[in-house]
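Novice: Mind looking over this structure? Questions follow.
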Amino acid sequence: MEDLSGRSPRVPAPVSEWSRPYTSSAADWPLDLLLRAKGATTVSVVMPARDEERTVGAIVSAVRRDLVEAVPLVDEILVVDSRSTDGTAARAAASGARVVRQDDVLPGLPPLSGKGEALWKGLAASTGDIVVFADSDLRNFGSHFISGLLGPLLTRPEIAFVKGAYERPLTGPDGVVQRGAGGRVTELVARPMLNLYWPELAGFVQPLGGEYAARREVLEQVPFVTEYGVEFGLLVDLLEHVGLDAMAQVDLGRREHGHQSTAALGRMAGQIMLTAWSRLERQGRIVASEAPATSLLQFDPDGNATLSDVSVAERPPLATVIATPVKEDVA
């Protein structure tokens, strides 16, 4: 590919030097190899779910069939019911997952909301030495989404965190599929922010993707943003905590899921920008006379205004919190 000047674009040397040895494909990690490497290591698959009764059951069933029963690679499937109003919890339990209600985990803490809160509570409620996070709205889920992420962690002890990479198509209301158009917030907000301020992370293909895995002792040492900035925050914090040489990515192929409205994506973008701001401030890279505003004013096609709060809260590293018993959802 050439740019408009006729020159071939070059990937920055630090990114290229990292990407080659630290990027692999799910096909590089056959199940028999992973099972031999697993040994006594335990693996938990944690899925946050809010009103996902249409997809969560099939995902849980696939993990149980392929990675628990056919090959004993996964030791625990945990679904965190994030205040669903539909049959998500019952569907997940019937498919073979252990289900916990988000607010029943560490109940002595003030309840917070958001995806990052569900992930943090899932980390607290799970037991595996390695924790694999996966979204529960995937429409084309395959068990390689889990096994691929486990490959580097089970076979390379120096690897602490693995992120999924994939193509994200966008399916419009008319059913037309646009290749590579699915990650709009990634391309418009997250990728530019990473390139500007944390260029070491520029080689991650899907920095906001919901499929990733890490060693428990590492996840317990970093904070979790409670809203949609959680994936961005984890990348930046883990870079600082373990370094780029302990981070890897695995190509999982193609990822299909439901798409949010442009207005919802705008709110997500605001949360990610505030997450980036907090990391820059914490690292001493910006000094401001006042904090940024946390309100987002948006307009619909008719000019009607909506004001949203895009502020982000943060849970501390789990290692600093004393665990308490977790109630299971028997619905």
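Novice: Of all residues in region 230-265 being modelled with pLDDT of 95 or more and of a type in the set (D, E, K, R), which is farthest from residue 280 (Cα to Cα)?
Specialist: 251
Novice: Can you name the residue in region 7-30 that is at pLDDT below 95 and of a type in the set (D, E, K, R) and is also nearest to residue 164 (Cα to Cα) among such residues?
Specialist: This residue is 20.
Novice: Taking helices (runs of 4 or more DSSP H) that do not extend beyond region 1-107, which have at least 3 residues that are touching a Lys or Arg at 6+ places or on another chain (Cβ under 8 Å) and closer than 28 Å to residue 247 by Cα? I'd like the intermediate steps shown before the answer.
Specialist: Numbers: elements: 13-22, 31-38, 56-64, 88-94.
Because the criterion is at least 3 residues that are touching a Lys or Arg at 6+ places or on another chain (Cβ under 8 Å) and closer than 28 Å to residue 247 by Cα, no helices (runs of 4 or more DSSP H) in region 1-107 meet it.
Novice: Going through region 94-129 one residue at a time, which ones are open to solvent by 10 Å² or more (accessible area, probe 1.4 Å) and free of Cβ contacts under 8 Å to residues at least 60 places away in the same chain?
Specialist: Result: 94, 95, 96, 97, 103, 110, 111.
Novice: Check every one of the helices (runs of 4 or more DSSP H) wholly within region 211-322 and list those with 3 or more residues that are open to solvent by 60 Å² or more (accessible area, probe 1.4 Å) and free of Cβ contacts under 8 Å to residues at least 24 places away in the same chain.
Specialist: Working: elements: 216-219, 230-242, 262-282.
The qualifying helices (runs of 4 or more DSSP H) are 262-282.
Novice: Can you tell me which residue among 80, 132, 63 is under 21 Å from the mean Cα position of the chain (by Cα), open to solvent by less than 10 Å² (accessible area, probe 1.4 Å) and over 27 Å from residue 222 (Cα atoms)?
Specialist: Numbers: 80 fails: over 27 Å from residue 222 (Cα atoms); 132 fails: over 27 Å from residue 222 (Cα atoms).
None of the others qualify; the one that does is 63.
Novice: Give me a count of the residues in region 83-93 that are closer than 30 Å to residue 37 by Cα and buried (at least 24 other Cβ atoms within 10 Å of the Cβ).
Specialist: First, pick out the residues of region 83-93 that are closer than 30 Å to residue 37 by Cα: 92-93.
Checking the rest, the ones that are also buried (at least 24 other Cβ atoms within 10 Å of the Cβ) come to 92.
Selection size over region 83-93: 1.
Novice: Can you run down the residue pairs with Cβ atoms below 7 Å, 6 or more apart or on separate chains, where the first is in region 67-82 and more than 13 Å from residue 132 (Cα to Cα) and touching a residue at least 12 places away in the same chain (Cβ under 8 Å) and the partner is part of a strand (DSSP E or B) and of a type in the set (Asp, Glu)?
Specialist: Pairs that qualify, where the first residue is more than 13 Å from residue 132 (Cα to Cα) and touching a residue at least 12 places away in the same chain (Cβ under 8 Å) and the partner is part of a strand (DSSP E or B) and of a type in the set (Asp, Glu): there are none.
The values are calculated or read from the model by the stated rules, or taken from the named source; none is laboratory data. All values reported here derive from a predicted model rather than from experimental measurement. Every residue, glycine among them, receives a Cβ derived from its backbone with ideal geometry; neighbour counts consider all protein chains shown. These area figures cover heavy atoms from the full protein model, side chains too; ligands, DNA and RNA do not enter into them. Shrake-Rupley method; radii C 1.70, N 1.55, O 1.52, S 1.80 Å.
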